[in-house]
1. Going by a ≥ b ≥ c, the root eigenvalues of the Cα gyration tensor, does segment 1-142 fall in the rounded group (a/c under 1.5), the prolate group (a/b larger than b/c) or the oblate group?
2. If one puts a single equal scatterer on every Cα of the chain and applies the Debye formula without solvent, what log₁₀ I(q)/I(0) results at q = 0.07, 0.14, 0.17 Å⁻¹?
3. At a Förster distance of 30 Å, what's the computed FRET efficiency of Asn137 paired with Val185, Cβ-Cβ distance as r, to 0.05?
4. Reachable aspartates and glutamates from Lys48, Cα under 17 Å, same-chain residues fewer than 8 places away excluded?
5. Assuming 0.36 nm per residue, please report the length gained on full extension of the stretch Ile59 to Gln29 beyond their Cα-Cα distance.
6. In debye to the nearest 20, how big a dipole does the chain give about its Cα centre with +1 on each Lys and Arg Cβ and -1 on each Asp and Glu Cβ?
7. Stretched out fully, how many nm does the piece from Lys272 to Arg78 gain, at 0.36 nm a residue minus the Cα gap?
8. Length gain on complete extension for the stretch Gln286 to Phe253, per 0.36 nm per residue less the alpha carbon to alpha carbon distance?
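Please treat every number below as a calculation from the coordinates, not as lab data. Keep in mind that this is a model prediction, so the values were computed, not measured. Positions of Cβ are generated from backbone atoms using ideal geometry, with glycine treated the same way; all protein chains shown enter the neighbour counts.
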Amino acid sequence: MAVKIAIASGKGGTGKTTVSLNLFHYFRQVLDTSVQLIDCDVEEPNDKLFLNDHQAQKIQTVNQLIPQIDTNNCTFCRQCVEYCEFNAIVVIPPAQFAEVNPALCHSCGACLHACNTPNAIVEQAHPIGQIQNYTENGELNFIEGRLNIGSAMQTMLIKEVIKSPTVNADIQLLDSPPGTSCPVVATVNNVDYCILVTEPSPFGLHDLKLMVDLLHELNVPFGVIINKSDNHYPEMDAYFEEQNIEVLGRIPFSTEYAKRYAQGRIFENIPKDVEEAYKEIISKLQTKVCYYA
Ligand code: SF4
Ligand code: SF4
């Protein structure tokens, strides 16, 4: 069983993608272990932009089962409407109208359970997105989820992406969506460890606190990486001390490195101090999670 490590941040723009990619790179380089990177930021998956050596393999369509009402059999009793917690069903008996709104349906199945009329309501598959596997030198080590435009089923797709690897690895790195909403919960729930990426600023601290509260609630162990650590923000350090939160490492800001990021050349000429910071983080992580290398 792979050790699962999520990389999350309370907000976008903290450098979560850069950290995920570098951890993927350094875990393999420093520990010589099998690592899979799983891009769970399904609305905006962009890890692939930096993994030029990877070849696209199997693509799998993920479907959502959405009930459909057959008005030829429906009695317009509205029992299904009463059961639907998401207000996804409209039934207007005088107009003999009955319909499910796919955008609101969460595929909970309650309406199917509620309906006693044979063949009045049946499930149909609707595609919500894809899971794409990528290999490097024949090894499956990168997986990406990509939500169809217009679909709101991020959480459902993320759960499928996390379940999807058919080839096991020692470590799986889950690049989470930003924020603290349901798609993030779906990513960080049940991982062995979570790395929170933040930046030393009032906004960074505010959103980090939300994420810390969430992880406490989910009972997920975690540590923090401070990105762009050159800014000094004493309130953040005071918070870590007060809450007894471990700082796994501080990544200094480099204009040159930021330029290479913008060009998609993240693994070229990594500045020495950035490299040292990641190697230190990896050795700290070794003491946090047990894996089979
Ligand atoms: S419960 Fe069944 S029969 Fe009643 S309105 Fe819904 S689909 Fe139609
Ligand atoms: S499956 Fe659930 S969410 Fe979808 S229409 Fe039926 S009761 Fe509503």
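1. On the way: a/c = 3.62, a/b = 2.85, b/c = 1.27.
Prolate, because a/c is 1.5 or more and a/b exceeds b/c.
2. Relative scattering, expressed as log10 I(q)/I(0), comes to -0.33, -0.99, -1.32.
3. On the way: r = 35 Å, r/R0 = 1.15.
According to the calculation, E is roughly 0.30.
4. Straight-line reach from Lys48, under 17 Å: Asp39, Glu136, Glu139, Glu144, Asp175, Glu268.
5. Details: separation 30, 0.36 × 30 = 10.80 nm, distance 2.80 nm.
The span from Ile59 to Gln29 would gain 8.0 nm if fully extended.
6. 400 debye
7. Details: separation 194, 0.36 × 194 = 69.84 nm, distance 6.62 nm.
Taking 0.36 nm per residue and subtracting the Cα distance, the gain is 63.2 nm.
8. Working: separation 33, 0.36 × 33 = 11.88 nm, distance 2.46 nm.
Contour length minus Cα-Cα distance gives 9.4 nm.
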